[in-house]
Amino acid sequence: MKKILFYFAVCLFIIACKDDKAKPDATVAANSDKPAVDLPYTASYSSSWNQDVSDADLKTVLMSYKDWADGNFANLSKGMGDTVVVDMSSGDHLVKSNADLMKMWTTYRDSLASVKIDMAGWQKMHSTDKNSSFIVTWYDEYDTYKNGKVDSATYHDINQVKDGKIIWYAQYKRPKK
């Protein structure tokens, strides 16, 4: 699973840096005298991506962050699948029913007086060969505990969406100093 997440991050980097006007190297090689690029790795999940993810799915994902910040678990629950696979930044791998996930997250969120999210950006990614849709996010989160302690971190998350619901969520965290 960690290899897959690493490849998602690498693919995201490649897509973010890619010139939209450039043709893929294999196409260039097939249509010209230029040699194909000999890459050192082959993607184990997919190397065929586009941005064909609906705006409704993007809104579902972004609303999940807003609902978390607002403590609106009734609405957050609506955006999650019946069963959700969660890979936490702590390394914990969970497979939870929607109800169990909401119970776990509600308990944690209740320890916080407030949550502020500064959403830096997002990317819609659709694997054409796997027919899977993902929304990748980058954001800063500032959590204020009820005792006054403030915790802040920069996050990078991957949200897999299927049939309008989040079914897999992976989180990467870098604490702020």
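Values in this text are rule-based calculations from the coordinates and carry no lab data. Note that the structure is a prediction, hence the values are computed from the model and not measured. Positions of Cβ are backbone-derived with ideal geometry, glycine not excepted, and every protein chain shown enters the neighbour counts.
If you go through the range 139-177 and keep only what is farther than 19 Å from residue 61 by Cα and part of a loop (DSSP other than H, G, I, E, B), you end up with 146, 147, 148, 149, 176, 177. If the condition is being surrounded by fewer than 16 Cβ atoms within 10 Å (Cβ to Cβ) and either of a type in the set (Asp, Glu) or under 16 Å from the mean Cα position of the chain (by Cα) (or both), then the range 67-84 contributes 70, 82. The set of residues from the range 85-121 being assigned to a loop (DSSP other than H, G, I, E, B) and either exposed (fewer than 15 other Cβ atoms within 10 Å of the Cβ) or without any contact (Cβ under 8 Å) to a residue 40 or more places away in the chain (or both) comprises 88, 90, 91, 92, 110, 111. Of all residues in the range 141-152, those that are surrounded by 15 or more Cβ atoms within 10 Å (Cβ to Cβ) and over 16 Å from the mean Cα position of the chain (by Cα) total 3. Against the conditions (1) closer than 22 Å to residue 150 by Cα; (2) buried (at least 18 other Cβ atoms within 10 Å of the Cβ); (3) under 13 Å from the mean Cα position of the chain (by Cα), residue 124 satisfies every one except (1).
Here residue 136 passes the criteria (1) out of contact with any Gly (no Cβ under 7 Å at 6 or more places or on another chain); (2) under 18 Å from residue 167 (Cβ atoms); (3) in a helix (DSSP H, G or I); (4) not acidic (Asp, Glu) except the one numbered (3).
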